[in-house]
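I have placed the structure first, in the form of structure tokens, so that the comments after it can refer back to it.
The values are calculated or read from the model by the stated rules, or taken from the named source; none is laboratory data. Owing to the predicted nature of the structure, the values given are computational and were not obtained by experimental measurement. Neighbour counts are summed over all protein chains in view; Cβ atoms, including those assigned to glycine, are modelled from backbone coordinates with ideal geometry.
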Amino acid sequence: MDRGRGRETRRAGLTGRPSGKGGRASPARRIALCGEAVDYRLIRARRRTIGMSVDLDGLTVRAPRWVTLREIEDALAERGAWILRTLAEWRSRQRDVLPREWRTGAPILYLGAELRLAVFPSRSTAIRSDLFDLTVLHPSAHDEREVADTVARWLRDEAAQRILPRVASFARNVTDALPQVRLSNARSEWGSCNHKGEIRLNWRLIQLPPALADYVVAHEVAHLVELNHSRRFWALVESLMPGHDAHRRALEDWTALLAA
Ligand SMILES: [Zn+2]
């Protein structure tokens, strides 16, 4: 997913966001779709068809240089319903990953499932999850800042207990040395691996479906051997996690978590 620049042979990061594929971005444009104003970026690129994608950054359109603006707008209008629906999905995901209000009823993602926060006053602090609720017992249950901090610490602890050990279980297939691994709080990538063989994994992986978190771990472990995104690298990822391609694509839908 990284662009093939020199420094990334020394350090490879796994972003959730599909990177731009060259071309020149023009200033933001606006179009009315089904009566709604939608901003988009237009990138003139070496390609044969008009492509459009929606992610955290909104709508991006890639078009060959010879296609007129009129033709581009016709294509957008044709897919207007899809564009509006997908933009709305992204907005709701962005909203729901971590609660904006840390009180009972707020949605929170954990292991890929949307749980309901249930906050109760208690003499001591405790957190537990079941199929539906993330129950938080807290001496200052009314203090949303306190509750937020406590839950954030708990999510990091969960990531340390559930995600970090996955590194060793993948790594033993590719190396005898146990790699150094730490949690990160990066806003731009799920994981990274540097030339010293140090792996960083984003604590927000605990909010993903476990198979997607596993894919990120397998990806970074494969970088211990191939610090690049060559064909050999992807073959190694596939050997560590057969069928990884579906997970790689699914991961793009969860990018909003990184910025939350
Ligand atoms: Zn990578």
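Enumerate the strands (runs of 3 or more DSSP E) found wholly within the stretch 143-260, keeping only those where 2 or more residues are small (Gly, Ala, Ser) and outside the structural domain of THR86 (by TED's automatic domain parsing). Explain how you work it out, then say what you get.
On the way: elements: 180-184, 191-194, 198-202.
Result: 191-194.
Scan the stretch 220-235 for residues that are in contact with an Asp or Glu (Cβ under 6 Å, 6 or more places away or on another chain) and more than 11 Å from the ligand (Cβ to nearest atom) and jot them down.
Matches in the stretch 220-235: ARG232 only.
Here are ALA186, ALA126, ALA171: which of them is touching a Pro at 6+ places or on another chain (Cβ under 8 Å) and among the aliphatic types (A, V, I, L, M)?
Just a single option satisfies the conditions, and that option is ALA171.
Determine whether the stretch 81-103 contains at least one residue that is touching a residue at least 60 places away in the same chain (Cβ under 8 Å), in contact with a helix residue (DSSP H, G or I) (Cβ under 6 Å, 6 or more places away or on another chain) and of a type outside the set (D, E, K, R).
Yes - at least one qualifying residue is present in the stretch 81-103.
Has the stretch 239-255 got at least one residue that is closer than 26 Å to ASP55 by Cα, within 17 Å of the chain's Cα centre (by Cα) and within 11 Å of the ligand (Cβ to nearest atom)?
Within the stretch 239-255, one or more residues are closer than 26 Å to ASP55 by Cα, within 17 Å of the chain's Cα centre (by Cα) and within 11 Å of the ligand (Cβ to nearest atom).
Looking only at the stretch 1-36, count how many residues are at pLDDT below 90, touching a strand residue (DSSP E or B) at 6+ places or on another chain (Cβ under 8 Å), part of a strand (DSSP E or B) and surrounded by fewer than 17 Cβ atoms within 10 Å (Cβ to Cβ).
Qualifying residue count, the stretch 1-36: 3.
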